[in-house]
Amino acid sequence: MKLKKGIPLIDQHDKNGFWGGKFGGSYIPETLKKPIEDLTKEFQKLRKNKKFLKKKDFYFKNYIGSPTNFVKLENLSNYLDGAQIWAKVVSEANGGAHKIYNATVHALICKAMGKKYIIGDTGAGYAGKMLSMAAKKFGLRCKIFMGAKDIKRQKPNCDAMRRNGAEIVPVYSGSQTLVDAVSECMRYWVSNCDNTHMCVGSTVGPNIFVKICGWSTAQISKELKAQLKEKFKKIPKKLKLINCVGGGSSAYGFWSEFIDFNKKHIELIGVEAGGPKKSLLHAAPLSRNAKIGILHGAASYVCQNSEGQIHETESISAGLDYPGVSPIHCFLKDTKRARYTYATDEEALNAYQLVTRFEKLNPSLEPSHAFAEAIKIAPKLSKDTIIIVNSCGDAKKDRDILKERLVRN
Amino acid sequence: MKNSLINQSFKNAKKENRPALLTYTVAGDNTKKKSLEILKSISNYADICELGFPHNTPIADGGQIQTSAYRAIKNGIKINDVFSIVRNFKKSKKDKPVILMGYYNMVYQYNENKFITKCKKSKVDGLIIVDLPYPENKIFAAKCKKNNINFIQLISPTTSKLRLKKIINDSHDMIYYISMLSTTGGKLKVSANEIISQYQIIKNHNKSKNVVIGFGITEKTIKSLKKADGLVVGSAICKEITKSIKKRQNTVTNVINLVKRLKNKIK
Ligand SMILES: Cc1ncc(COP(=O)(O)O)c(C=O)c1O
């Protein structure tokens with residue numbers, strides 16, 4: 001299993017849609033074969049179409065607000081007294097998280113395909129909020145599938161979805177979180193694929209959805225590459241890019257331009273959700289060595305039992321609370337290009353407190369997992385090491401959880 | 001697979017001038033013992049018994065089958081129990097074909113080859129793997145055939161003409177036509193005429209294949225699709241089981257009565 005250079009990772013799959021010969025694919029019911037084939041053809045066409053690309057760039061700049069800032073966290077760096085810590089503040093993007101890139105592209109594709117209805121899944125509520133925004137912007141009717149547990153814990157984003165005119169469909173099956181939302185969204189698509197476009201909220205699902213999402217979030221690392229050259233004149237010699245990993249869309253977007261570099265030069269670190277410190281449940285299939293399985297139409301490392309039943313997961317972060325992960329991250333793990341670890345709920349909360357104590361930054365619980373790892377390793381590293389954390393979401397949505405869990409003094 | 005039990009049961013139904021009746025129940029719903037009992041008793045009226053091996057993330061199933069599956073899993077059903085249900089069933093009903101139906105992850109975790117061997121040992125007649133479509137299923141389907149197990153291909157209203165032809169060419173004794181764009185358990189939203197005309201297109205490609213229609217078939221709709229080689233009823237039966245449990249009535253009796261009524265409608 002080997003990575004190729006000079007080809008985007010999203011395109012390094014074989015003709016059956018597998019990365020590294022075993023991750024990804026399209027395990028779908030017969031009914032979805034045709035809509036997925038249509039979508040695949042359309043995307044192939046659009047990504048080469050100059051007019052479409054111009055349109056995409058226009059909306060990325062004027063609607064999403066690219067580029068997002070790249071800043072040094074001086075106080076936090078001084079406090080930790082090791083590596084320099086920087087942040088790519090992707091939460092500045094319109095709506096407050098990276099999910100806007102994928103949502104905007106899907107809305108544009110939906111328009112191009114002449115469909116009037118768009119559906120999507122959401123965990124933290126950002127994917128849903130962004131899809132509802134894009135739907136409103138482009139005149140599409142929008143339905144969002146969301147676990148009942150997540151609807152309760154991410155209320156601010158649900159309010160936003162409703163304000164944008166989207167219908168939230170609560171999902172009561174299983175653990176009532178993201179995994180159930182994705183299943184229910186796919187079921188709805190099976191029944192309505194003739195007039196409805198489906199957006200998968202991360203780099204998961206059947207092959208084509210991994211590709212579209214990765215292609216969209218790749219904007220983040222394109223910006224970062226230019227910003228690095230601007231700030232440091234060239235790409236720093238010791239660089240570490242730390243990102244939280246739920247499905248893996250922000251991590252892929254943050255890393256895509258840097259995958260071809262040597263890992264001694266640019267280390268890629270993915271941080272999964274370790275769940276509550278004392279709980280056996282987690283959402284960390286990569287770092288806690290889950291076996292390969294098939295979930296939501298793709299083969300990837302999946303938290304599951306020996307019979308292939310998908311495990312319930314638990315995390316304080318709704319966005320990371322998912323038993324599967326992108327096939328492209330499985331590929332990056334097995335080729336050893338990226339290193340994956342996890343942070344517990346408590347570590348993420350501590351990191352949130354430390355970051356907000358020192359900096360004018362308000363990372364949501366998802367990127368707080370990435371900050372936890374940065375805080376852990378920075379003190380041991382030299383001052384010329386540059387750690388960059390993708391601060392990919394804003395904590396406004398976590399208002400209630402933070403209030404409950406943090407006793408401030 | 002010329003003298004397969006599946007082929008034979010279609011022939012028998014044809015002799016009686018009616019479509020074959022295929023029932024779907026979930027293994028272990030609501031207990032192992034009960035589901036075997038249900039299977040045995042409905043097989044007196046059904047021509048082919050489909051038995052689901054329950055998965056907890058079934059992306060193509062609607063509410064009724066999900067409920068049955070979650071119930072069975074909660075009561076501890078394991079893949080090996082599913083095989084033992086079939087083995088026990090076959091002890092007294094050796095001529096009744098059984099088709100196992102489920103999702104690929106469970107086959108994958110069990111190991112494809114081991115799964116097929118176990119099917120053969122338990123006398124499973126056919127397999128439907130919902131999320132392993134053509135052509136991804138080619139290798140697996142060939143392995144099944146080699147072991148005298150029917151791999152059942154699915155065709156849906158979205159299947160293109162070219163694809164249809166290829167799928168039929170690659171199919172074994174039976175083809176499953178999904179009546180409409182829906183998960184299981186949806187309400188029939190397409191007219192019977194429309195469904196039958198799609199069915200006829202499949203038939204016209206190869207008359208020797210037994211084509212069954214499933215999804216949205218209930219006591220209300222079954223008669224209108226009588227022309228098909230076979231008709232599959234699943235969610236309606238699962239719903240009956242749920243209802244019986246809720247009302248604390250005898251599940252077996254209620255399910256037998258439902259299957260009898262279904263059978264009467266297509267006689
Ligand atoms: C802010 C934020 N970060 C991260 C994630 C995790 O998803 P992914 O790994 O695809 O970036 C989510 C998902 O909802 C999110 O809202």
So if R0 is 41 Å, what FRET efficiency would B:Lys33 and A:Arg163 give, r being the distance between their Cβ atoms, rounded to the nearest 0.05?
-> 0.20
Once the Cβ-Cβ distance between A:Phe58 and A:Ala226 is put in as r, and R0 is 25 Å, what FRET efficiency do you end up with, to the nearest 0.05?
-> 0.85
Computed lengthening from A:Arg141 to A:Asp384, 0.36 nm per intervening residue step minus Cα-Cα distance | 82.5 nm
Fully extended, how many nm does the chain gain between A:Lys238 and A:Leu280 (0.36 nm per residue separation, minus their Cα-Cα distance)?
-> 11.6 nm
With all protein chains present, calculate the accessible area of A:Trp215 using a 1.4 Å probe and round the result to the nearest 10 Å².
-> 40 Å²
Carbon + sulfur, % of accessible area of the stretch B:5-265 - ligands and nucleic acids excluded, 1.4 Å | 49 percent
For the protein assembly as shown, the charge dipole (Cβ of Lys, Arg +1; Cβ of Asp, Glu -1; about the Cα centre) points to a positive end, and the Cα of B:Ile266, A:Gly96, B:Thr23 closest to that extreme belongs to B:Ile266
Of the listed links A:Lys15/A:Lys333; A:Lys56/B:Lys187; A:Lys211/A:Lys333; B:Lys143/B:Lys166; A:Lys54/A:Lys211; A:Lys34/A:Lys56, those spanning more than 28 angstrom between alpha carbons are A:Lys56/B:Lys187
Quarter of the Cα convex hull surface for the protein assembly as shown, i.e. its orientation-mean projected area (nm²) = 29.2 nm²
The summed charge of the A:Ile292 Cβ neighbourhood (under 12 Å; Lys/Arg +1, Asp/Glu -1) stands at +2
Zone of B:Asn44's modelled label, taken as backbone nitrogen in the stretch B:6-27 under 19 Å from a point 7 Å along Cα→Cβ = B:21-25
Inter-site label distance for A:Lys263 and A:Gln353 at 7 Å from Cα along Cβ, in nm = 3.4 nm
Pair B:Glu16, A:Tyr172: separation of 7 Å Cα→Cβ label points (nm) | 3.9 nm
Given the C-alpha centroids of the stretch A:338-354 and the stretch B:137-177, what is the distance between them in whole angstrom?
-> 48 Å
Just tell me which aspartates and glutamates come within less than 18 Å, Cα to Cα, of B:Lys146; anything on the same chain fewer than 8 places away is out.
-> B:Glu112, B:Asp125, B:Glu136, B:Asp170, B:Asp173
Normalising by the residue count of chain A, find the relative contact order in percent from Cα pairs under 8 Å and 6+ residues apart.
-> 20 percent
Separation in nanometres of the label points that stand 7 Å from Cα toward Cβ, at A:Arg47 and B:Val190 | 3.2 nm
Under a 1.4 angstrom probe, counting protein chains only, how are B:Lys187, B:Lys118 ranked by accessible area, largest first?
-> B:Lys187, B:Lys118
Would you be so kind as to list the residues of the stretch B:87-108 that have their accessible area lowered by at least 50 Å² in the full protein complex compared with their chain by itself (1.4 Å probe)?
-> B:Asn105, B:Tyr108
Using only the Cα atoms of the stretch A:269-338, build the gyration tensor, take square roots of its eigenvalues as a ≥ b ≥ c, and label the shape rounded, prolate or oblate: rounded if a/c is under 1.5, else prolate if a/b is larger than b/c, else oblate.
-> oblate
Shielded by partner chains, the stretch A:299-320 residues - at least 10 Å² of accessible area, 1.4 Å probe, vs chain alone | A:Gln304, A:Ser306, A:Glu307, A:Gly308, A:Gln309, A:Ile310
Probe 1.4 Å, protein heavy atoms only - accessible area per residue of the stretch A:215-321 in square angstrom | 35 Å²
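At a 1.4 Å probe, what is the % contribution of carbon and sulfur to the accessible area of the stretch A:135-244?
Ligands and nucleic acids excluded, carbon and sulfur reach 50 percent.
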Contact order relative to length of chain B, as percent, for alpha carbon pairs under 8 angstrom and 6 or more apart = 23 percent
Size of the dipole of the protein assembly as shown about the Cα centre, Lys and Arg at +1 and Asp and Glu at -1 on the beta carbon, nothing else charged, in debye to 20?
-> 1780 debye
Identify all aspartates and glutamates with a Cα-Cα distance to B:Lys32 below 18 Å; exclude those on the same chain that are fewer than 8 residues away in sequence.
-> A:Glu307, B:Glu50, B:Asp81, B:Glu240
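In square angstrom and rounded to 100, what buried accessible area do you get between chains B and A, total over both, with the probe at 1.4 Å? Intermediate results must be reported in sequence, preceding the final value.
Numbers: alone 12490 and 16830 Å², together 26480 Å².
Interface between B and A: roughly 2800 Å².
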All aspartates and glutamates inside 13 Å of A:Lys116 as judged from Cα atoms, apart from same-chain residues fewer than 8 positions distant = A:Asp194
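So how many Å³ per residue does the convex hull of the Cα atoms of the stretch B:1-99 work out to? Mind dumping the intermediate values first?
Details: hull volume 11.0 nm³, N = 99.
Taking only Cα atoms, the stretch B:1-99 has a hull volume of 111 Å³ per residue.
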Add +1 for every Lys or Arg and -1 for every Asp or Glu among the other residues with Cβ under 15 Å from the Cβ of B:Ile73, and state the total.
-> -1
Chain-alone versus full-assembly comparison, the stretch B:151-172, residues with accessible loss of at least 30 Å² (1.4 Å probe) = B:Thr158, B:Arg163
Solvent-accessible surface ranking, highest first, for B:Thr117, B:Thr23 at 1.4 angstrom = B:Thr117, B:Thr23
For chain B, alpha-carbon Rg over 2.2 N^0.38 Å = 0.92
Hey, what's chain B come to in accessible area per residue, 1.4 Å probe, Å²?
-> 42 Å²
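The values are calculated or read from the model by the stated rules, or taken from the named source; none is laboratory data. Bear in mind the structure is a predicted one, so any value in this text is a computation, not a measurement. Here the Cβ is made from the backbone with ideal geometry for all residues, glycine too, and neighbour counts use every protein chain on show. The protein model used for the area step is the full one, side chains on, heavy atoms only, and it has no ligands, DNA or RNA in it. Shrake-Rupley method; radii C 1.70, N 1.55, O 1.52, S 1.80 Å.
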